[in-house]
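Below: the structure, in structure tokens.
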């Protein structure tokens with residue numbers, strides 16, 4: 001994404017221009033949705049969170065300073081929103097598996113998968129991944145997802161979670177290693 | 001989708017760790033393999049449905065159309081501006097008072113100033129004031145005598 005165009009659109013958003021928000025939604029909506037989906041394990045929660053985030057962004061965007069990378073900033077806002085969302089509802093995210101029926105899930109996947117066999121395989125793999133993510137400690141899962149989808153550096157992760165940078169790296173290493181081990185165990 | 005400059009940062013952090021080169025390579029390999037796994041799944045992750053994006057856009061438009069929705073933001077900007085303006089006005093007023101303050105009476109202006117001062121006084125106040133001036137003058141004389149004596153004795 002061209003940084004000049006992004007900066008221009010952010011400035012327009014800060015002036016309250018609706019078209020600029022539409023552009024941001026198109027650019028970042030899919031990644032944010034995927035992040036919320038992986039964090040919550042629920043499509044309903046992911047949809048609610050994405051809506052709430054953009055409504056919150058209407059007020060928050062005035063606080064954005066252009067020296068920070070926008071995507072990192074946006075995902076940190078998203079991570080805080082998700083945490084508040086589950087805290088207020090008094091429950092942990094349902095990360096064990098996707099909600100909804102199988103047919104609906106495979107319909108989503110049909111947009112990217114070319115054949116029904118692949119659709120099925122993809123769907124099973126996604127379910128496996130969601131289950132495995134649910135087995136990680138909460139902070140480790142959050143760190144991995146925020147790094148992966150939000151592109152946060154180890155330093156930014158350390159700042160966000162208020163932990164030393166070495167701990168952030170250790171959490172990423174341990175989490176990803178465990179993720180691979182559990183996935184390979186599930187495949188066998 | 002891993003962060004930009006991730007390898008550089010990873011190596012910088014590992015430089016601070018006292019790990020063997022073999023262990024270091026293993027950590028980097030583990031992280032890269034995990035990233036590849038997540039990348040693979042990211043490609044398969046469902047995208048938000050168009051009707052969801054349309055609904056969000058509608059909510060954004062509705063919020064932008066309602067002036068009240070942006071009021072807290074405006075207030076946030078206006079409040080410091082008002083405070084700054086008030087501070088400037090007070091500062092200007094103070095400078096103006098300082099510049100236009102009545103000048104201290106000099107030797108030439110002392111007598112008219114004294115006359116102006118005494119004009120508003122009652123008789124009793126005038127007596128007290130003269131007494132104070134007399135006292136000051138007496139103190140000056142005493143001080144001068146003490147100074148002369150000190151000089152003479154040295």
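Read-outs: derived from the displayed coordinates by stated rules, not from any lab. The structure presented is a predicted model; accordingly, all values stated were derived computationally and were not measured. Positions of Cβ are backbone-derived with ideal geometry, glycine not excepted, and every protein chain shown enters the neighbour counts.
Brief remarks follow.
- Shielding score for B:53-61, defined as the mean number of other chain Cβ atoms within 10 Å: 6
- Average Cα contact separation per residue, chain A, under 8 Å, 6 or more apart, as relative contact order %: 21
- Inter-chain Cβ neighbour count for B:6-18, averaged per residue, equals 3 (cutoff 10 Å, partner chain atoms only).
- Simple label model, 7 Å out from Cα along Cβ direction - residue B:11 to residue A:185, nm: 3.5
- Nearest-ten-degree value, helix A:165-187 long axis tilted from longest Cα axis of chain A: 40
- If you run the Gaussian network model on chain A, springs between alpha carbon atoms under 10 Å, then out of A:30, A:116, A:137 the most flexible one is A:116.
- Of interest is the spacing of the C-alpha centroids, which for the range A:40-89 and the range A:2-25 amounts to 17 Å.
- Just checking the listed ones, A:166, A:88, A:80: in the Gaussian network model of chain A with Cα springs under 10 Å, the one fluctuating most is A:88.
- Degrees between helix A:138-150 axis and first principal axis of chain A (Cα, 0 to 90, nearest 10): 60
- Remark: spin-label model distance residue A:15-residue B:23 equals 5.6 nm, labels positioned 7 Å along the Cα→Cβ axis.
- Inter-chain neighbour count for A:161-170: the average number of beta-carbon atoms from partner chains within 10 Å of each residue's beta-carbon is 2.
- Between 0 and 90°, nearest 10: helix A:116-134 axis offset from chain A longest Cα axis: 80
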